[in-house]
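**Student:** One structure coming up, written as structure tokens, with questions to follow.
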Amino acid sequence: MNPQKTYTVDEAQKKLENYCAYQERCHKEVRSKLMEMRMIPQVVDTIIVHLITHNFLNEERFAKSFVRGKFRIKKWGKVRLVRELKFRDVSKYSIDMALQEIDLDDYFDTLDALVQKRIAQVTEKNIYKKKKKVADYLLYRGWESHLIYEKINEHL
């Protein structure tokens, strides 16, 4: 493997088209990929504009896909989803649109299931310590604290 490989603008553009076609990407990922390829800033901007105009790169579509996937598979709450999207420099508008992808009934059902599952897993005898352990687990996953405590008090 040649670590000093250089790319022409066309080669880099094709490579990034494939990169974006494989899976939804955010602008930050694409920009860092181009920087890894040691492209100059003017070319980076040109390629990103090309990817956006040809619909290979779409921030709102990325955010929606990200939210759906992380909620469904990893069971993340809205706080964690927002934090992760902000970390990827996604716009507030796109984040708000993406959060609308989550059905509220599914959201509350998922939280309820996670609380019940975690309560069953925690072997702590002291009720307050048990509540804290369950709450810490859910807070880490980005669930809103008022919802967590409401559900915990329902079940314990």
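The values are calculated or read from the model by the stated rules, or taken from the named source; none is laboratory data. Bear in mind the structure is a predicted one, so any value in this text is a computation, not a measurement. Counting neighbours? That spans all protein chains shown, and the Cβs are built from the backbone with ideal geometry, glycine included.
**Student:** Taking Lys78, is it of a type outside the set (A, V, I, L, M, F, W, C) and either touching a Lys or Arg at 6+ places or on another chain (Cβ under 9 Å) or in the same structural domain as Leu147 (by TED's automatic domain parsing) (or both)?
**Tutor:** Working: of a type outside the set (A, V, I, L, M, F, W, C): yes; either touching a Lys or Arg at 6+ places or on another chain (Cβ under 9 Å) or in the same structural domain as Leu147 (by TED's automatic domain parsing) (or both): no.
No.
**Student:** Condition (residue is without any contact (Cβ under 8 Å) to a residue 60 or more places away in the chain, of a type in the set (Val, Ile, Thr) and within 23 Å of Asn58 (Cα to Cα)) applied to the range 110-127: is it met by at least one residue?
**Tutor:** Initially, the range 110-127 is screened for residues without any contact (Cβ under 8 Å) to a residue 60 or more places away in the chain, giving 110-127.
Now narrow it down to the ones that are of a type in the set (Val, Ile, Thr): 110, 115, 119, 122-123, 127.
Filter once more, so that each one left must be within 23 Å of Asn58 (Cα to Cα): none.
For the range 110-127, residues without any contact (Cβ under 8 Å) to a residue 60 or more places away in the chain, of a type in the set (Val, Ile, Thr) and within 23 Å of Asn58 (Cα to Cα): absent.
**Student:** While we're on this one: Inside the range 68-125, can you point out the residues that are surrounded by 14 or more Cβ atoms within 10 Å (Cβ to Cβ) and aromatic (Phe, Trp, Tyr)?
**Tutor:** Of everything in the range 68-125, those that are surrounded by 14 or more Cβ atoms within 10 Å (Cβ to Cβ) and aromatic (Phe, Trp, Tyr) turn out to be Phe71, Trp76, Tyr107.
**Student:** Taking Lys125, is it among the charged types (D, E, K, R), modelled with pLDDT of 95 or more and not assigned by TED's automatic domain parsing to the domain that holds Tyr22? Walk me through it before giving the result.
**Tutor:** Working: among the charged types (D, E, K, R): yes; modelled with pLDDT of 95 or more: no; not assigned by TED's automatic domain parsing to the domain that holds Tyr22: yes.
No, not satisfied.
**Student:** Can you tell me which residue among Val67, Val43, Val90 is within 20 Å of Cys20 (Cβ to Cβ) and in the same structural domain as Glu24 (by TED's automatic domain parsing)?
**Tutor:** Working: Val67 fails: in the same structural domain as Glu24 (by TED's automatic domain parsing); Val90 fails: in the same structural domain as Glu24 (by TED's automatic domain parsing).
Answer to the check: Val43.
**Student:** Considering the range 4-48 alone, what residues qualify as being part of a helix (DSSP H, G or I) and among the basic types (Lys, Arg)?
**Tutor:** Let us first name the residues in the range 4-48 that are part of a helix (DSSP H, G or I), namely 9-22, 27-36, 41-48.
Lys14, Lys15, Lys28, Arg31, Lys33, listed by residue number.
**Student:** Next question, about the same structure. Pick out, from the range 49-156, the helices (runs of 4 or more DSSP H) lying fully within it that include 1 or more residues that are among the polar types (S, T, N, Q).
**Tutor:** Numbers: elements: 59-69, 78-87, 92-99, 104-121, 127-140, 145-155.
The qualifying helices (runs of 4 or more DSSP H) are 59-69, 92-99, 104-121, 145-155.
**Student:** Okay, next question. Here's a check for you: in the range 1-34, which residue that is surrounded by 12 or more Cβ atoms within 10 Å (Cβ to Cβ), aliphatic (A, V, I, L, M) and under 26 Å from Lys64 (Cβ atoms) is nearest to the chain's Cα centre (by Cα)?
**Tutor:** Filtering the range 1-34 for residues that are surrounded by 12 or more Cβ atoms within 10 Å (Cβ to Cβ), aliphatic (A, V, I, L, M) and under 26 Å from Lys64 (Cβ atoms), the one nearest to the chain's Cα centre (by Cα) comes out as Val30.
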